[in-house]
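Engineer: Quick one: the structure is below, and I'll ask about it shortly.
What follows draws every value from the coordinates through simple rules; no lab data is involved. All values derive from a computational prediction rather than experimental measurement. With ideal geometry, Cβ positions are generated from the backbone for all residues, glycine too; neighbour counts draw on all protein chains shown.
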Amino acid sequence: MVGFPLAFGMALVSVWVIIWIHEYGHYYAGRNIVGVPEAAIRVVDPYFPRYVALNDGEEWVSPADLDRYRSVYEQYDPAGDHVERFHAAGELIQAAVVVPVAVVAGLAGTAEFGVALLGLSLLSTTVYVLVDLLATLYTGAPSGDYSVLWATAPPVPALLLLGFSSVHVVPLLVLI
C-alpha cells in the first residue's frame, strides 16, 4: 500500500498521461485521416487543458476560438467528411491505449493501478463532457468535441459515450 502523497502524485501523472493520449488521438486523426500537414497542426503542451491547435498561416488557432478553428479545419476537409473521426479520435485512442494497459496491469497483480487508470480515464471524460455541456449552454454554440459531434450527427456522441463507458466499466468490474 502506498501513502497518500505518492498515490496522489501517481494520480496526477496518470491524468496528465491520459489527457496527452487523448490529444494525440486528435493529432493522429488530423494528420492521417484529415490530411493536415505537420506544419499546420500541433498539440499545445504543457498547458492545461492541452489541446490540438491548427495554424491558419499566421498564428496557431485554439479550439476555444471555434469559428476560426473550424475555418482552418475546413481548408483540409472542406466537405466535412472526416469531422466525426477527428473529434471522436481523442476518446477512441484514449480507450484503445488506457483500457489494455489497465487490464494488463490488473492481470499482472496490480489491480489497484488498473482500477485507478480506468477510473481516472472515465473521470477525465466525465469532466470534459460536463465542461463541454456547460460551455455550450453558456455560449449557445458548440464548445468541444461532444457538442460539435452533436451538432453534426446527434447519434455519434451518444454512441461514443456508450462505447467508451462500456469498454472501461466491464474491465473495471472484473478488476474490482
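Engineer: With r as the distance between the Cβ atoms of ASP45 and VAL104 and R0 = 22 Å, compute the FRET efficiency 1/(1 + (r/R0)^6) and round to 0.05.
Structural biologist: 0.25
Engineer: Pop a pseudo-label 7 angstrom from the Cα along the beta-carbon direction at both SER166 and LEU133 and give the gap in nm to one decimal.
Structural biologist: That separation, rounded to one decimal, is 2.1 nm.
Engineer: Further, regarding this structure: Set Lys and Arg Cβ to +1 and Asp and Glu Cβ to -1, take the dipole of the chain about its Cα centre, and tell me which of ALA53, SER147, ILE19 lies farthest positive.
Structural biologist: In the chain, that residue is ILE19.
Engineer: Counting Lys and Arg as +1 and Asp and Glu as -1, each charge on the Cβ, what is the dipole of the stretch 77-170 about the Cα centre in debye, to the nearest 20?
Structural biologist: 160 debye
Engineer: Is there a quick way to get the dipole size of the chain? I mean about its Cα centre, with the Cβ of Lys and Arg at +1 and of Asp and Glu at -1; what is the value in debye to the nearest 20?
Structural biologist: 480 debye
Engineer: Can you tell me which of TYR69, TYR146, TYR27 moves the most in a GNM of the chain? Springs connect C-alpha atoms under 10 Å apart.
Structural biologist: TYR69
Engineer: Go through VAL97, TYR69, VAL44 and say which Cα lies farthest out towards the positive end of the charge dipole of the stretch 17-176; charges sit on Cβ, +1 for Lys and Arg, -1 for Asp and Glu.
Structural biologist: The residue sitting farthest along the positive end of the dipole is VAL97.
Engineer: Calculated FRET efficiency, GLN75 and ALA141, Cβ-Cβ r, R0 22 Å, to nearest 0.05?
Structural biologist: For R0 = 22 Å, the calculated efficiency reads 0.60.
Engineer: To check my understanding: the extent here is largest minus smallest coordinate of the Cα atoms along each principal axis. What are those three numbers for the chain, in Å, largest first?
Structural biologist: 51, 32, 32
Engineer: Which number comes out as Rg/Rh for the stretch 94-176 once both Rg and the Kirkwood Rh are worked out on C-alpha atoms?
Structural biologist: The Rg/Rh ratio comes out at 1.09.
Engineer: Would you kindly state how much longer the chain becomes between PHE8 and ALA158 on full extension, computed as 0.36 nm times their sequence separation minus their alpha carbon distance, in nm to one decimal?
Structural biologist: Working it through step by step, the gained length comes to 50.8 nm.
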